[in-house]
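**Q** Pasting in a structure now, in structure tokens, and then I'll have a few things to ask.
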Amino acid sequence: MKEKHGREVRELPAVPEGHRRCPTCGETKVLDAFPRNRSGRGGYGRYCKPCHNEKGKETRLRLYGGSREYHLRRRYGVGEKEFQELLAEQGGVCAICRRPDPEHLDHDHRTGWVRGILCFNCNGGLGQFRDSPDRLARAITYLRGTTWQRVLIHPGVFQMCSPMRGRPPSQRS
């Protein structure tokens, strides 16, 4: 121990050039083992990546009760409690396909407002159509115009008809 400004201070081992010492684990590691941080001294974070990640998990657990709560609050402004209430209002099913146990909170990308809870596929589908009602309407029109239909030709007798009748099959089929 050595005295500095009237206080006893322990001496830390010398750190070679291009390395840094993590105060949590006490190891000296190359700079690439530390996360980048433009505001930090030297451009790197204070703690090595594993310690940095562990501290983040501890903070999310302490302040928010877990990563899910943190994610919902940060991204959508709602918590797990509000998520569960909305899910109960929807009857515990996806708002589109009605399958049980949806996990994805859907929101309007323009306004940020939460719309409902969807399953993975329905949420991804809306994203692929870029939340555009016009694109979805054209997709519905397309499906209705290309899907085989059951047509009643006699009471109790149906025939499968293609709306694209007369068009030859593609060469790849």
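The values are calculated or read from the model by the stated rules, or taken from the named source; none is laboratory data. Predicted, not measured: the structure shown is a model, and the values here were computed from it. Neighbour counts run over all protein chains shown; Cβ positions are idealised from the backbone, glycine included.
**Q** Do we find a residue being among the charged types (D, E, K, R), under 18 Å from Arg68 (Cβ atoms), surrounded by 12 or more Cβ atoms within 10 Å (Cβ to Cβ) and modelled with pLDDT of 95 or more anywhere in segment 89-102?
**A** no
**Q** Right, next: Out of (1) basic (Lys, Arg); (2) surrounded by 10 or more Cβ atoms within 10 Å (Cβ to Cβ); (3) over 30 Å from Cys122 (Cβ atoms), the odd one out for Lys4 is which?
**A** Of (1) basic (Lys, Arg); (2) surrounded by 10 or more Cβ atoms within 10 Å (Cβ to Cβ); (3) over 30 Å from Cys122 (Cβ atoms), only one is false for Lys4: (2).
**Q** Among the residues of segment 140-159, write down those that are charged (D, E, K, R) and in a strand (DSSP E or B).
**A** Within segment 140-159, Arg150 is the sole residue that qualifies.
Results for (1) surrounded by 15 or more Cβ atoms within 10 Å (Cβ to Cβ); (2) charged (D, E, K, R); (3) closer than 26 Å to Ser132 by Cβ, shown as yes or no for each residue.
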position	(1), (2), (3)
Val9	no, no, no
Arg21	yes, yes, no
Arg38	no, yes, no
Val78	yes, no, yes
Trp113	no, no, yes
Leu118	yes, no, yes
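**Q** Yes or no: segment 47-70 includes at least one residue that is in contact with a Leu (Cβ under 7 Å, 6 or more places away or on another chain), more than 28 Å from Trp113 (Cβ to Cβ) and surrounded by 14 or more Cβ atoms within 10 Å (Cβ to Cβ).
**A** no
**Q** Between Val9, Val30, Val15, which is touching a Ser or Thr at 6+ places or on another chain (Cβ under 6 Å) and either more than 30 Å from Trp113 (Cα to Cα) or of a type in the set (S, T, N, Q) (or both)?
**A** Val15
**Q** Okay, next question. Can you tell me which condition Arg21 does not meet? The list is (1) in contact with a Lys or Arg (Cβ under 9 Å, 6 or more places away or on another chain); (2) in contact (Cβ under 8 Å) with a residue 12 or more places away in the chain, and all the others hold.
**A** (2)
**Q** Quick one: would you say Phe34 is surrounded by 11 or more Cβ atoms within 10 Å (Cβ to Cβ), more than 18 Å from the chain's Cα centre (by Cα) and modelled with pLDDT of 95 or more?
**A** Considered against the rule, which asks whether it is surrounded by 11 or more Cβ atoms within 10 Å (Cβ to Cβ), more than 18 Å from the chain's Cα centre (by Cα) and modelled with pLDDT of 95 or more, Phe34 comes out as yes.
**Q** A further question on this structure: If you scan segment 13-29, which residues turn out to be of a type outside the set (D, E, K, R) and within 20 Å of Lys55 (Cβ to Cβ)?
**A** Listed by number, the residues that qualify are Cys22, Pro23, Thr24, Cys25, Gly26, Thr28.
**Q** Looking only at residues in segment 133-152 that are in contact with a strand residue (DSSP E or B) (Cβ under 6 Å, 6 or more places away or on another chain) and surrounded by 10 or more Cβ atoms within 10 Å (Cβ to Cβ), which one is farthest from Ile96 (Cα to Cα)?
**A** That would be Val151.
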